[in-house]
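Worksheet: one structure, shown below.
The values are calculated or read from the model by the stated rules, or taken from the named source; none is laboratory data. Keep in mind it's a predicted model, so treat the numbers as computed, not measured. Reconstructed Cβ throughout: ideal geometry from the backbone, glycine too, with neighbour counts over all protein chains shown. SASA here: full protein model, heavy atoms, side chains in, ligands and nucleic acids out. Shrake-Rupley method; radii C 1.70, N 1.55, O 1.52, S 1.80 Å.
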Amino acid sequence: MSQAAPTPTPDAPDAHPSPKARVPKTVWDLIFTLLIPILILSPNILGSGISIAEQVFGGGAAGNVRAYLLAALIPVAYVLWDLAVNRNVSPVALIGGAGAIFSGALAFWYVDGFWYAIKDSARSYLTGLLFLISAATSVPLFRVFLDASSIGESPEHRAATQQAMRDPGVHRSLAQATVVFAVVDLIGGMVNSAVNYARVTAKFGTDAFNAQVAEVNALMRIPGLLITLAGVAVAIWLVNRAVQARYGAGASLFEPGKLLERMRERGEPVT
């Protein structure tokens, strides 16, 4: 007869403790790119009467500018730290890192009104322009994103996705998807500029300016994300439509096993 396992007691910890739950990276992203900057910019953090510009940087125009710079540079430092720690040198990560550095450099452009509205969306405008230019080349940037997503696949599956993306019809769809993503990013930038122009009306270096910047950052995070996701969804649909037209129903770059199966059914060697 089997003996019952002893019941763990407070004095005898479990020999096999359950692994600690890790905080999802998305949460850290929100903390360092949204929550902390908003708190730094706020002239009255959560109604406590505490202001980073006042208590930490001495207040006045100088204190507000320093708080603004700190709020702008923390997300940049977080992105670069994440790249360094994870040693991520994929094209997508490098593009993200370059964008973060660009945004950090723009923080030192002290403007308000119309030019601040342009500055706050400059990264979207630059990204959209780069995507549009790449669509006319042999390596449209949307292909770079899809290629990065296949890095963890088996060699055989990765070979299948690479071969599919080299197909002329699929390549055309990748160029079209790149244009769609670029246009949507530009539209998102224009929407963000319009909201900033309407709501960030105070003079740079004032409490009111920092508070308005924090308000718009919080207001535009979800709409900006939804606009980007809409662009990605349409771009993926265009690519999958071309892949299925070439290799048959069920073929998809995001399901390399099925794609490989359809290629073999057609007698196409995967190299």
Answer with yes or no whether Gly152 is small (Gly, Ala, Ser) and touching a helix residue (DSSP H, G or I) at 6+ places or on another chain (Cβ under 6 Å). no
Does the stretch 247-255 contain at least one residue that is on the phi > 0 side of the Ramachandran plot and surrounded by 15 or more Cβ atoms within 10 Å (Cβ to Cβ)? yes
Pro140 closer than 30 Å to Glu255 by Cα, open to solvent by less than 50 Å² (accessible area, probe 1.4 Å) and free of Cβ contacts under 8 Å to residues at least 40 places away in the same chain: yes
Hits in the stretch 145-155 - residues which are more than 17 Å from Leu229 (Cα to Cα) and surrounded by 15 or more Cβ atoms within 10 Å (Cβ to Cβ): Asp147, Ala148, Ser150, Glu153
Of all residues in the stretch 84-118, count the ones that are closer than 20 Å to Ile36 by Cβ and under 13 Å from the mean Cα position of the chain (by Cα). 4
Which residue pairs have Cβ atoms closer than 8 Å, lie 6 or more positions apart in sequence or on different chains, and pair a first residue in the stretch 153-166 that is within 11 Å of Gly257 (Cβ to Cβ) with a second residue that is small (Gly, Ala, Ser)? His157/Ser150; His157/Gly257; Thr161/Ser150
Could you list, in sequence order, the residues of the stretch 103-121 that are touching a residue at least 60 places away in the same chain (Cβ under 8 Å), part of a helix (DSSP H, G or I), small (Gly, Ala, Ser) and buried (at least 16 other Cβ atoms within 10 Å of the Cβ)? Ala117
Is it fair to say Ala230 is out of contact with any Lys or Arg (no Cβ under 8 Å at 6 or more places or on another chain), more than 30 Å from Asn44 (Cβ to Cβ) and loosely packed, with under 14 Cβ neighbours inside 10 Å? no
Lone unmet requirement of (1) open to solvent by less than 60 Å² (accessible area, probe 1.4 Å); (2) without any contact (Cβ under 8 Å) to a residue 40 or more places away in the chain for Val270: (2)
Matching residues in the stretch 190-227 - criterion: being farther than 21 Å from Glu54 by Cα and touching a Lys or Arg at 6+ places or on another chain (Cβ under 8 Å): Val216, Leu219
Give me the residue from the stretch 62-75 that is among the hydrophobic types (A, V, I, L, M, F, W, C) and open to solvent by 20 Å² or more (accessible area, probe 1.4 Å) and, out of that set, farthest from Leu35 (Cα to Cα). Ala62
Complete set of residues in the stretch 41-61 that are open to solvent by less than 70 Å² (accessible area, probe 1.4 Å), assigned to a helix (DSSP H, G or I), of a type in the set (A, V, I, L, M, F, W, C) and without any contact (Cβ under 8 Å) to a residue 40 or more places away in the chain: Ile45, Ile52
